[in-house]
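K.L.:
Sharing a structure with you now.
The values are calculated or read from the model by the stated rules, or taken from the named source; none is laboratory data. All values reported here derive from a predicted model rather than from experimental measurement. Ideal geometry is used to build each Cβ from the backbone, glycine not excepted, and the neighbour counts take in all protein chains shown. Surface accessibility is based on the protein's heavy atoms, side chains included, excluding ligands, DNA and RNA. Shrake-Rupley method; radii C 1.70, N 1.55, O 1.52, S 1.80 Å.
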Amino acid sequence: MKNIRNFCIIAHIDHGKSTLADRLLEFTKTISSRDMSAQVLDDMDLEKERGITIKSHAIQMEYLYKGEKFILNLIDTPGHVDFSYEVSRSIAACEGALLIVDATQGIQAQTISNLYQALDHDLEIIPILNKMDLQNAMPEEVSDQIIELIGCSQEDIIPASGKTGLGVEAILEAIIERIEAPKGDVNAPLQALIFDSVFNNFRGIISYFRIINGTLKKGDRIKFVNTGKDYNADEVGVLKLKPEPRPILSAGDVGYLITGIKTAKEVNVGDTITLLDNPCEKAIAGFEAVKPMVFAGIYPVDADDYEELRFSIEKLQLNDASLTFEPESSLALGFGFRCGFLGLLHMEIIQERLTREFNIDVITTVPNVNYKVHTNKGEILDVYNPSGLPEPNYIDFIEEPYIVASIITKAEYIGSILTLCIEKRGILKNQTYLTCDRAEIVFEMPLGEIVFDFYDKLKSISKGYASFDYHPLDFKPSKLVRLEILLNGDPVDALSALTHTDNAYPLGRKMCEKLKELIPRQQFDIAIQAAIGSKIIARETVKAVRKDVTAKCYGGDISRKRKLLEKQKEGKKRMRQVGNVEVPQSAFLAVLKLD
Amino acid sequence: MSGLYIHIPYCKQKCIYCDFYSSATRESKESYIKALTKEISLRKDYLDKPLRTIYFGGGTPSTLSKEEISLIFNAIKDNFDLSLLEETTFEANPEHLNKDYLDFLISTPINRLSLGTQSFDDNDLKTLGRKHSSLESIEVIRNAQKIGFYNISIDLMFNLPSMSLEKWKANLFKAMDLNIQHISAYSLSVEEGTMLDKLISKKRLNIPSETEQLEQFNYAIDFLESNGFEHYETSNYAAKGFRSLHNSNYWNNTPYLGVGASAHSFNGKERRWNISSIDNYSSILNSNSKEDYFEKEILSEKDFYNEYIMVGIRTKEGLDKNFVERNFSETFSKEFNKTIESLLNRNLVEKSSQNIFTLTRKAIEISNQIALELIA
C-alpha cells in the first residue's frame, strides 16, 4: 500500500488537463505515443470534440522512482458544473490532487469550487502552471493567484507544458513525494467507494471503485450498501489502457468490478461496496441520490420514431443513470418523454447523443426546473412541466429552486455581469478580489433563470472570460405564472413556459416576435399571442400570402419547379399542425435561444 | 404529334432580370451551330410522332444570321417529316428585325413571331437593359404584318420597377391597337443573384407593393378577356384560335425534343436536359466524344402526378378528375378527390364542367400554394 498513490486532476475546461494527463501516460510508458490518439482519457467522440470530460475515467500507471516501483492511479474528473457530484466522489477516492491552471488565463470558477471540495477532503494539492510554452503565459501573476488561494509557497508550484512535456518528471516526483500513501485496514470488512460506472455492450455495467478497507476477490458475494442489492463479483481488475483482471484487490487499490448488472440505475456513484457475509459497519459518507435539476420534453421529429426514441433513451440511461424520463404527450408534438437532466450541458449532450448514436432527430421543449406547488389544501405538488401547474385558484404559493452561483471574471466585466445577474433575479451575496484585476462574485439565483439563456449571455458579455459554477441551495417562494402561446386562439402546449411574473411580459413579447420570423405565411392571417391565463400580453400577426404564383413554366422549367415544389411539400409535411396553423420545427427549438 | 425546340443561347446584352443561361459573346457561335445541327441529326428518332410545332427560343434567336437560320432549317428538313407542321415560332428582339431580316424570315417555315417588346415605355426599357425603343417595337410589328406575319405574340411585363397601374393599363391599350394575336404578360420575378436583385436590395429600384402587383395582374386578366383574349395559362392570353401550340405541348403532356445547350426534352417517359455550358456542349458534339452531353431522369408515377398538377392547375383546361382516375393509382386519386373537395369548400377551385376543376380568380394569385396542397 505504501507504494500506491491515488490522485485526481482539478482543472478548468481548456486548461490542458487531458493533454497533460496524456504526457504522464506516455512518460510512464502506460501507453506508447504510437497508440495515442490525442487525449486518451476522453473516449466518447463528443468529449473529444467539445474538449470536455463528461464521464470520470481512471487509469493506472507504473513508475520506477529511486529504484522502487510505484503504482499511480489517476482518476480523471468531469469538467463541468452539471457533474459536480461526480467530481466530489472522484475526489473522495483520492489522497491528492493536481491543480492545473492555465498560465495564460489564471484561476477560473470551476477550478475554485472543485479545489474547495478537494481541500474539504484533506487532499494534498500539487499546483501546476500549465501551458508555460505559450508566449502570453503570465507565470508571476497566476502563481500569485495560486499562492493566495491555497497558501502554498512559490517553490511548490510546478511549471509545465502538456505540449512540450515540460515538468512531467517533476510532477511524477511530486505525486510520489508529496501525496500520502493510502491508509486503510486490509483486514477490516470490505469498504469500497464507487466513483463511476460505464456501460459495456457485452459485459453490462462496469463499476469503478476505490477500496478504502478490506479486500475484494474475484467470485466474492458482494453487496451495494445503499441499494441493498447483492451480486457476484464476476471479474475484478485494474484499469490500464485496457482493463486487466486481477484475482484480488485490497485497501488503497483503484479498480473495476463486473457483476453482470445490466442497468446503470443499480450502480449509484457514491455507493459503498461491501461483502455480503462480512459487511462493513457503515456506508462511506457523502452518498447522494442523483437528482435531475432541469427538465424538458423530448419528442421525435417524425412521430413514427416514438418507439425508436424510447428504445434509445432507455439505452442511454443504461450508462447514464442521471438521465430520467417518463412518457408525456403534447397536442402540438404528439408523444414524447419528459426527461430530467443534471443541467443544460447534460441536456445538450443527451440530445446530441440521440442524434449521433441513434440517428433520431428530436425536438426539445423549453427547459424548466422543478417547482413545489403548495395548494390551498396544504398539499405540496412537484411540478416538472408547465402543463402540470394547477389552476391559479388552487395554488396557495409556489416555491422554486435557488442556487449559489460563483462567477470569476476580469474586473472590467464586473459591471455588466452584475447587471445580468440582477436581471436574472440574482441577489448579490459576496464580491471578493482574488488579485487586483480578478474578482469572484457570489450570487443567489433562481435555477430557473440560468436554464434558459444565462450561459450564452455571460459568455458574450465577458468575451468568454467569465467562468461560472453553481450549487443547489434550497427552495424559495416565487411569483410564477404560466406563459402560454396561442396561434389563432389555440394554445400550443409545447411552447408554454413557467416564468416569473416580472419576466412574463418581455418573454412573451420576444417569443411572439421570434415566432413571427419562423412561422411561414399561409393562406390566412395567423395571430400569435402570448397570454397569462385569459389575459393577452403580446401579439404579432403573420400576414396571409396574397401572391404566390410562378410567372413562367415552360419545357425547361418543369423539372426544376417540380423539385422545388416537392421540397416545399416535404417541409410542409414535417411541420406540426396546431389548429389550422402549420408550425415548423425550428420554431420549437428557436424559442430556446431568444436574444 | 410532337414539338421541336431549338435553343439559341446568345444575347447581345444581358437583361437585368435574366437568370437564364445565355452568353453575350458570340465567338463560339459557329461551332455551336455545327453542334446543334449535329444533335438534330443524332436525335431524329427521339420522338416517334411527326412534328407539329417548331420553336426557336433563347437567349435571342434573332442574333442568328440568315445563313445560320438556313443551316438549322436544312438540318431539320433533312431529318424530320414536316408534312404535318403547323406552327413555327421565332423569338426575336425588335431591334434585330429590319426589313431585310423580316423578308428572310417569312421565306422560311417561320409563321409566328414572338417579340420581346416587354413594355411600351422607353424608361422601362432602359431600366431593364433592353436595346430597343417603344417606337421600334411598333414599327417592327407593322412591318411584319405588312409582309404576311398574321400570328404575332408580344411579351409584356408588369410589376416593373416604379410601375403604376396607369402605366400598365397604357401598355395594354397600346397592345390592343396593334392587332396582335397573343400576349405573354409576365410578372417581373426577382431571381436571386440577378442584377435586378442587387439593385432592389440596394434600394436603387423599387418594385410595386403586393397590393399593386395584384391589381396589375387582375387588371390584365379582366382587360384582355373583355377584348376577346382568352386567359389560357397563368401568363398567356390568346385571341380565338391563336394559342401557342408549341407552349401548349408543355402543358398537355405532348412529347418534345429540345436541342442546344441546356435544352430540355420529354418523350413521354423521361425528361432529359442538355448541359448548359455552350463550350462543353459544342466540344462534346463536335468531337465525336463518347461523353454524355445531357442528364436525364425517368419519371415515376409520383413525378408524373406532380407535374400534371403543377402544370395543369395553371391552365384554362384545369385538372380532370377522370384523367387522374384513369392514369394514376388509387392512392393518388383518393388524395386528389379529398384535396379538391377541401379546395372547393374554401372557394379556391371551381367546377368548370363535369369533373374539370380550375382555379378561382383569388386562387390564381396563389397557384403555387394550391399546387403545394395537391401534389403528393
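K.L.:
Please compute the contact order of chain B in relative form: average sequence separation of alpha-carbon pairs under 8 Å and at least six residues apart, divided by the residue count, as a percent. Don't skip to the answer; put the middle values down first.
P.N.:
Details: 637 pairs, mean separation 60.9, N = 376.
The value is 16 percent.
K.L.:
Per q in 0.10, 0.15 Å⁻¹, report the Debye log10 I(q)/I(0) for chain B, using one uniform scatterer on each alpha carbon and no solvent.
P.N.:
For chain B at q = 0.10, 0.15 Å⁻¹, log10 I(q)/I(0) is -0.70, -1.53.
K.L.:
Can you give the relative contact order of segment A:144-283 as a percent, counting alpha carbon pairs under 8 Å and 6+ residues apart?
P.N.:
With pairs under 8 Å counted, the relative contact order is 26 percent.
K.L.:
How would B:169, B:77, B:302, B:146 rank on accessible area, largest to smallest, probe 1.4 Å? Present the calculation step by step, with values, prior to reporting the outcome.
P.N.:
Numbers: B:169 50, B:77 110, B:302 75, B:146 160 Å².
Accessible-area ranking of B:169, B:77, B:302, B:146, largest first: B:146, B:77, B:302, B:169.
K.L.:
Given A:31, A:168, A:426, which one lies farthest toward the positive end of the charge dipole of chain A, if we put +1 on the Cβ of every Lys and Arg and -1 on the Cβ of every Asp and Glu?
P.N.:
A:426
K.L.:
Put +1 on the Cβ of each Lys and Arg and -1 on the Cβ of each Asp and Glu in chain B; which of B:277, B:72, B:214 then has its Cα farthest toward the positive end of the dipole?
P.N.:
B:72
K.L.:
For a quick check: with amide H placed at 1.01 Å from N, whose amide H comes under 5 Å from residue B:91's, ignoring anything fewer than 5 positions away on the same chain?
P.N.:
Here the answer is B:56, B:114, since their amide H atoms fall under 5 Å of that of residue B:91.
K.L.:
Follow-up question, since we're still on this one. Taking each residue of B:305-312 in turn, how many C-beta atoms of other protein chains fall within 10 Å of its C-beta, and what is the average?
P.N.:
Details: counts 0, 7, 5, 0, 2, 9, 6, 0.
The shielding value for this peptide is 4.
K.L.:
When all protein chains stay in place, what accessible area (Å², nearest 10, 1.4 Å probe) is found for residue B:200?
P.N.:
Residue B:200 has an accessible surface of roughly 40 Å² with all protein chains in place.
K.L.:
Which value, in Å² rounded to 10, gives the accessible area of residue A:293 with a 1.4 Å probe and all protein chains present?
P.N.:
We get 40 Å² for residue A:293.
K.L.:
Next question. From largest accessible area down, sort B:168, B:273; use a 1.4 Å probe on the protein chains.
P.N.:
Descending accessible area places them as B:273, B:168.
K.L.:
Write down the percent of antiparallel bridges among all DSSP beta bridges whose residues are both part of the protein assembly as shown, to the nearest 5. Could the numbers behind the result be given before it?
P.N.:
Details: 134 of 183 bridges.
Percent antiparallel among DSSP bridges in the protein assembly as shown is about 75.
K.L.:
How large is the dipole of the protein assembly as shown about the Cα centre if only Lys and Arg carry +1 and Asp and Glu carry -1, each at its Cβ, rounded to the nearest 20 debye? Please report the intermediate quantities before stating the final value.
P.N.:
Working: 114 positive and 138 negative charges, 551 e Å.
Value, rounded to 20: 2640 debye.
K.L.:
Could you work out the percent of alpha carbon pairs in chain A separated by over 49 Å, rounded to a whole number? Working shown, then result.
P.N.:
Values: 33628 of 176715 pairs.
Of all Cα-Cα pairs in chain A, 19 percent lie more than 49 Å apart.
K.L.:
Mind checking the dipole of segment B:302-374: about its Cα centre, +1 per Lys or Arg Cβ, -1 per Asp or Glu Cβ, Debye to the nearest 20? Working shown, then result.
P.N.:
Values: 11 positive and 11 negative charges, 45 e Å.
The dipole of segment B:302-374 has a size of about 220 debye.
K.L.:
Take segment B:256-297, compute every pairwise Cα distance, and split them into 10 Å bins from 0; I just need the percent in each bin.
P.N.:
Taking all Cα pairs of segment B:256-297, the binned fractions are 31, 53, 16 percent.
K.L.:
What's the average, rounded to a whole number, of partner chain beta-carbon atoms within 10 Å of each residue's beta-carbon in B:362-370?
P.N.:
Numbers: counts 2, 2, 1, 5, 7, 5, 9, 8, 3.
Whole-number average of other-chain Cβ neighbours for B:362-370 is 5.
K.L.:
Same structure, new question: Quickly estimate the mean residue ellipticity at 222 nm for chain A, helices only: each DSSP H run with n ≥ 4 gives -39500 (n - 2.57), and the total goes over all residues, rounded to 500. Intermediate results must be reported in sequence, preceding the final value.
P.N.:
Numbers: 14 runs with 153 residues, N = 595.
It comes out at -8000 deg cm²/dmol, rounded to the nearest 500.
K.L.:
Can you pick out the pairs among A:516/B:198; A:567/B:302; A:424/A:479 whose Cα atoms lie more than 18 Å from each other?
P.N.:
Working: A:516/B:198 26 Å; A:567/B:302 14 Å; A:424/A:479 14 Å.
With Cα atoms farther than 18 Å apart: A:516/B:198.
K.L.:
Residue A:226's amide H: which non-local residues (gap 5+, or another chain) put their own amide H closer than 5 Å, with H modeled 1.01 Å from N in plane and none for Pro or chain starts?
P.N.:
Answer set, sorted by chain and number: A:272.
K.L.:
What order, most packed first, do the peptides B:218-226, A:240-248 have when packing is the mean number of other Cβ atoms within 10 Å of each residue? Kindly include the intermediate steps, with their values, before the conclusion.
P.N.:
On the way: B:218-226: 15.4, A:240-248: 12.4.
Ranked from most to least packed, the peptides come out as B:218-226, A:240-248.
K.L.:
Roll a 1.4 Å probe over the protein heavy atoms and report the accessible area of residue A:381 in Å², nearest 10.
P.N.:
60 Å²
K.L.:
Shifting gears a bit: Find how much the distance from residue A:352 to residue A:289 grows on full extension, using 0.36 nm per residue of separation minus their present alpha carbon separation; answer in nm with one decimal. Mind dumping the intermediate values first?
P.N.:
Values: separation 63, 0.36 × 63 = 22.68 nm, distance 2.51 nm.
Once the chain is fully extended between residue A:352 and residue A:289, it gains 20.2 nm.
K.L.:
May I ask which residue of A:154, A:331, A:551 lies farthest towards the positive end of the charge dipole of the protein assembly as shown, with charges of +1 (Lys, Arg) and -1 (Asp, Glu) on Cβ and the Cα centre as origin?
P.N.:
After comparing all options, I get A:551.
K.L.:
Here's another thing I want to ask about it. Structure shown: which of A:66/A:163; A:572/B:240; A:163/A:463; A:315/A:563; A:569/B:296 lie over 29 Å apart, alpha-carbon to alpha-carbon?
P.N.:
Values: A:66/A:163 26 Å; A:572/B:240 40 Å; A:163/A:463 26 Å; A:315/A:563 38 Å; A:569/B:296 23 Å.
Among A:66/A:163; A:572/B:240; A:163/A:463; A:315/A:563; A:569/B:296, the Cα-Cα distance tops 29 Å for A:572/B:240; A:315/A:563.
K.L.:
Check cross-link reach from residue A:514 to the lysines: straight Cα distance under 16 Å, and skip same-chain residues fewer than eight apart.
P.N.:
Counting by Cα, and skipping residues close in sequence, residue A:514 has these lysines nearby: A:543, A:593.
K.L.:
On a full-extension model of 0.36 nm per residue, what is the gain between residue A:359 and residue A:586, subtracting their alpha-carbon distance, rounded to one decimal in nm? Show your work: numbers first, answer last.
P.N.:
On the way: separation 227, 0.36 × 227 = 81.72 nm, distance 1.82 nm.
Here the answer is 79.9 nm.
K.L.:
Using the Kirkwood radius over Cα pairs, work out the Stokes-Einstein diffusion coefficient for segment A:370-422 at 10 °C and 1.306 mPa s, in µm²/s as a whole number.
P.N.:
Values: Rh = 13.7 Å.
The diffusion coefficient I find is 116 µm²/s.
K.L.:
So, R0 is 45 Å and r is the distance between the beta-carbons of residue A:419 and residue A:302; what FRET efficiency does that work out to, to 0.05?
P.N.:
Working: r = 43 Å, r/R0 = 0.95.
In this case the efficiency is close to 0.60.
K.L.:
Share of Cα-Cα pairs in segment B:302-374 beyond 18 Å, in percent?
P.N.:
Details: 699 of 2628 pairs.
That fraction is 27 percent.
K.L.:
When we measure straight from the Cα of residue A:429, which aspartates and glutamates land under 14 angstrom away, once same-chain ones fewer than 8 places off are left out?
P.N.:
Of all the aspartates and glutamates, those that pass the test against residue A:429 - Cα under 14 Å, at least 8 places apart if same chain - are A:440, A:444.
K.L.:
Note down the magnitude of the dipole of segment B:73-179 about its Cα centre, charges +1 on Lys and Arg C-beta and -1 on Asp and Glu C-beta and zero elsewhere, to the nearest 20 debye. Can you show the working numbers first?
P.N.:
Numbers: 11 positive and 16 negative charges, 52 e Å.
Value, rounded to 20: 260 debye.
K.L.:
Sticking with this one: Pairs of Cα atoms under 8 Å, at least six residues apart: use those to get the relative contact order of chain A, whole percent.
P.N.:
On the way: 1299 pairs, mean separation 57.8, N = 595.
10 percent.
K.L.:
Let me ask something else about it. Within straight cross-link reach of residue B:29, meaning Cα distance under 22 Å, which lysines are found once same-chain residues fewer than 8 apart are removed?
P.N.:
B:12, B:14, B:38, B:66, B:77, B:131
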